[in-house]
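I have placed the structure first, in the form of structure tokens, so that the comments after it can refer back to it.
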């Protein structure tokens, strides 16, 4: 996986990083965005994850729904960052696609206020809206998307279908019908239905929902069309998905799910970033030989024998860990031989500034064999010779 070519190619316009929670997805997104800006591109990184890790990684106090410029000294490009605010995005959509009077009516509706803040699926749909807005503005030539943790990271792919099912649902059609034809033309069946729903939900809530649906009715077609257009944008050349995982069984199972889902959706997959690996300082000494050498050093009783033995045992433990991680990576590649892999060593501490992001960016985009041990960045340990 040649991420350097990917981020510098003018044809690459969108990179979506997805994966399980806690695998370094946000840091990977920020590192790729920084590397692209330092390569001369105008980049915006959008996080859908409500945590504050992206702002911390970029040295910012906070992020909001508008792109903020990140000061990158000496970079020929530009780096901007933002965090999705689903309610504000929904408010902006309402204001942009309705009259001021209708927009005020919708924004003040109690049901809308609940829907735009916490309704299931709203975040994913608004992520599609925001991504579509960023792409349509042509202000940035690369957009990097940091998706939410866990499998909900790909829920925004369902946004067009979920919106269609919502708009075409029986409940919505029943609620819209009276507003279109007037309650005096409503059928006896609807009146019975409304009385039952009123008892379940409460009369005021039903009136709020009906008023909201009636006010939003003229916007429904635009919602569906924009979501579908953004979905198709994700499938076109110029968009790439990067799956991020750590060398742990659960994280790699999630990675397999993402790979299969992206394949089923026909989405372009760049490959897998295997983050926080532990390659040893040298691969010339096996774990078994290191353990044996530690025993021999102690038996010889030379000066600093305990220190030397401890160093050898640390190396043995590192080799055993690297072997385990390579085994897990090999299982993944056996199941998905078509997926390119790029390994990234674990950092000494949390990445919280541009220097740390720059180091990670070099690991992500550096030449495949340019590592201290010569082990290709596609692997944790060198391949065994037959």
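Derivation of every value follows stated rules applied to the coordinates shown; laboratory data play no part. Since the structure is predicted, the reported quantities are computational estimates derived from the model, not experimental observations. For neighbour counting, all protein chains shown are included, and Cβ atoms are generated from backbone atoms with ideal geometry for every residue, glycine included.
Tabulated data
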quantity: Protection proxy ranking of 298-305, 258-265 - average other beta-carbon atoms within 10 Å, highest first; calculated: 258-265, 298-305
quantity: P(r) of segment 1-42 over all Cα-Cα pairs, binned every 10 Å from zero, in whole percent; calculated: 28, 55, 17, 1
quantity: Sorted by Cβ neighbour density within 10 Å, fewest at the top, the residues 23, 351; calculated: 351, 23
quantity: Ascending count of other beta-carbon atoms within 10 Å, so fewest first, for 72, 359; calculated: 359, 72
quantity: Sorted by Cβ density within 10 Å, fewest first, the residues 243, 94; calculated: 94, 243
quantity: Additional length obtainable on full extension of the chain from residue 295 to residue 362, 0.36 nm per residue less Cα span; calculated: 20.3 nm
